[in-house]
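Q: So that we are looking at the same thing, I have put the structure below in structure tokens.
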Amino acid sequence: MQKSILFIGLVLMMTGTMQLKAQYDKSDSSFRRRFVGSSVFLLGNLSKVNPPNFVQLNIGYRITGKDVITLEPKTWKYAWPNGIHPFFNKSYGTQEEKFPGYIREYGLSVAYQRFFWQGLYAELNVMPAWQIFANDDGNKIDNGFQIFNTYRCGYHIKLFKDRFFIQTSVAITHRAYHTTMPDGFKQLDDKWPKFILGEPGFHFGFNF
């Protein structure tokens, strides 16, 4: 985890030295309006311990040079409460805070980005998600639903004549609503806040 944080920090520092016109000119109609992409956190699937089986596809459209909307179908599983920061809280990954099983989620995010200066942007991401609660043997024990919001601030970097791009960011995540969890899950989840501050993000994409 520490190596991941260091890597993201180095990328953020590099963006400050790159001579790139990262913002799209709102008066220029020639820029590529459509893009597809994903998140570098796909690499978490390579973990030998509790891999999240994470899948995400970003499908985006630039309404103007400063306004972007994206649809993000995604799925993953997790075995610790969402209120525990996975990078900065030592309780994440401990046996004491582990659910008696795991949660598999299927969500569809709708994200709106607004560019302010150069490549600097703010984003509101709202995701309704269907939940499946399973025990340690992988057997389903209940269903659930939640609305998971992400409030993000980041930087957009054009690469290879705007054919590709990367976005580094820091976010606040917010579990705005969720149905009642089954026993064993609820008691652990109730111990932790509905917000997480300072969650890193690293997205990439292909423009067309």
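Q: Output the qualifying pairs, or none if there are none: Cβ atoms under 6 angstrom, residues six or more apart or on different chains, first residue in region 75-94 and in contact (Cβ under 8 Å) with a residue 40 or more places away in the chain and more than 15 Å from LEU197 (Cβ to Cβ), second residue of a type in the set (A, V, I, L, M) and crowded, with 17+ Cβ neighbours inside 10 Å.
A: What qualifies is PRO81/LEU188.
Q: Within region 1-120, considering only strands (runs of 3 or more DSSP E) that don't extend past its boundaries, which have at least 1 residues that are more than 22 Å from ALA171 (Cα to Cα), out of contact with any helix residue (DSSP H, G or I) (no Cβ under 7 Å at 6 or more places or on another chain) and modelled with pLDDT of 95 or more?
A: Answer list for region 1-120: 34-39, 102-117.
The values are calculated or read from the model by the stated rules, or taken from the named source; none is laboratory data. None of the values given here were measured: they were computed from a predicted structure. When we count neighbours, we look across all protein chains shown, and the Cβ atoms used for this are built from the backbone with ideal geometry, even at glycine.
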